[in-house]
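I have placed the structure first, in the form of structure tokens, so that the comments after it can refer back to it.
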Amino acid sequence: MDMINTDDPPNDLRVLAMRPLIAGNWKMNTLRADASALAAGLVEQRAAIDPGCDILICPPFVSIRSVGEIVLGSPIKLGAQDCHVEVSGAHTGDVSAEMLVDAGCNFVIVGHSERRTNHGEGDKLVGEKAKAAFIQSLSAIICVGESLDERNEGKTLAVVEEQVSKSVPAEATAENTIVAYEPVWAIGTGLTPTIEQISEVHDNIRSLLNSRFKDGEEFRLLYGGSMNPGNAGEILAIKNVNGGLVGGASLKVEDFWSICTSV
């Protein structure tokens, strides 16, 4: 049975109308002065032209407030790199979704491979973080992706399917959730999957979302993993790639803006 109302536009038209998102994950980089200069440069570029995409920047926690003041009133959105599942409490070093909203954030990244690997975060915890974000009206960017060993063993689709099924909560909608495919072996290495490999995984994620959610066709799917000005245009042209989650290339105004204009 078709889950989409017959009055809705066909799926292919929905996808064409979807505005891409280019998100910059600054990770543990930039001091406050650097972060402010980077944000100001992007605001200046965005004031001059609309590149045809939504733009999001996710600075380190210590710079969220200062960066937020710079992007306030501009079309550029502000996000954080992680959140805790609880609203408050004895959680030294953690930051709640409520605190992120108070600091001006609209988005939060959860389940990044560096959190999964370095901090032992599993799918269940990632899903709980996403739900904590939803409660505070934050949009969650939920990251999934396989390791090099899993890729070489032919387990990519099975790994990603399990992560999507367990990390994307039942409460997810196209309004509050974005799924980012980041092959672990491509993050920060300069290695990039082939167009065919990216397409296969993104198509699979779309199919998984369609099987679970009425608005599955409308979820934005981002590609992350060594996206740069040289390969962004080709990657962003792939069906079911609705933007990028950019790491190192988001730390220079020129590089990040080039990726935005590749849309």
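Each reported figure results from applying straightforward, stated rules to the coordinates on display, with no laboratory input. Everything numeric here is computed off the predicted structure, so don't read it as measured data. Counting neighbours? That spans all protein chains shown, and the Cβs are built from the backbone with ideal geometry, glycine included.
Some notes on this structure:
- Rounded to the nearest 500, the helix-only mean residue ellipticity at 222 nm of the chain stands at -11500 deg cm²/dmol, with each DSSP H run of n ≥ 4 adding -39,500 (n - 2.57).
- For ASN106 and ASP203, a Förster radius of 25 Å and the Cβ-Cβ distance give a FRET efficiency of 0.35, rounded to the nearest 0.05.
- FRET efficiency for LYS252 and THR92, using Cβ-Cβ distance with R0 set to 30 Å, rounded to 0.05: 0.35
- Among the trypsin sites (Lys or Arg not before Pro) in segment 174-220, those located in a DSSP loop and surrounded by at most 15 other Cβ atoms within 10 Å of their own Cβ are LYS214.
- FRET efficiency, GLU161 to ILE195 (Cβ-Cβ, R0 22 Å, nearest 0.05): 0.55
- Farthest towards the positive end of the charge dipole of the chain, among the residues GLY111, LEU209, SER147, is the Cα of GLY111, using unit charges on the Cβ of Lys, Arg, Asp and Glu.
- Each of ALA37 and VAL62 was given a label point 7 Å from its Cα along the Cα-to-Cβ line. The distance between the two points is 1.7 nm.
- Here the dipole of the chain is about 420 debye; that uses its Cα centre as origin and unit charges on the Cβ of Lys and Arg (positive) and Asp and Glu (negative).
- For segment 118-135, 3J(HN,Hα) per residue [Karplus equation, 6.51 cos²θ - 1.76 cosθ + 1.60, θ = phi - 60°, Hz, x = Gly/Pro]: 6, 10, x, 7, x, 4, 4, 5, 4, x, 5, 5, 4, 5, 4, 5, 4, 4
- Label reach from MET28 (point 7 Å along Cα→C-beta): in segment 56-81, amide nitrogens under 18 Å belong to 58-64, 80-81.
- Residue-wise HN-Hα couplings along segment 224-238, as the Karplus relation 6.51 cos²θ - 1.76 cosθ + 1.60 with θ = phi - 60° gives them from phi, are x, x, 6, 6, 8, x, x, 10, 4, x, 5, 5, 5, 7, 6 Hz; Gly and Pro carry x.
- Proximal lysines to LYS214, defined as alpha-carbon separation beneath 24 angstrom and excluding residues fewer than eight positions away on the same chain: LYS124, LYS129, LYS131, LYS166, LYS239
- Alpha carbon centroid spacing (whole Å) that separates segment 98-154 from segment 182-227: 15
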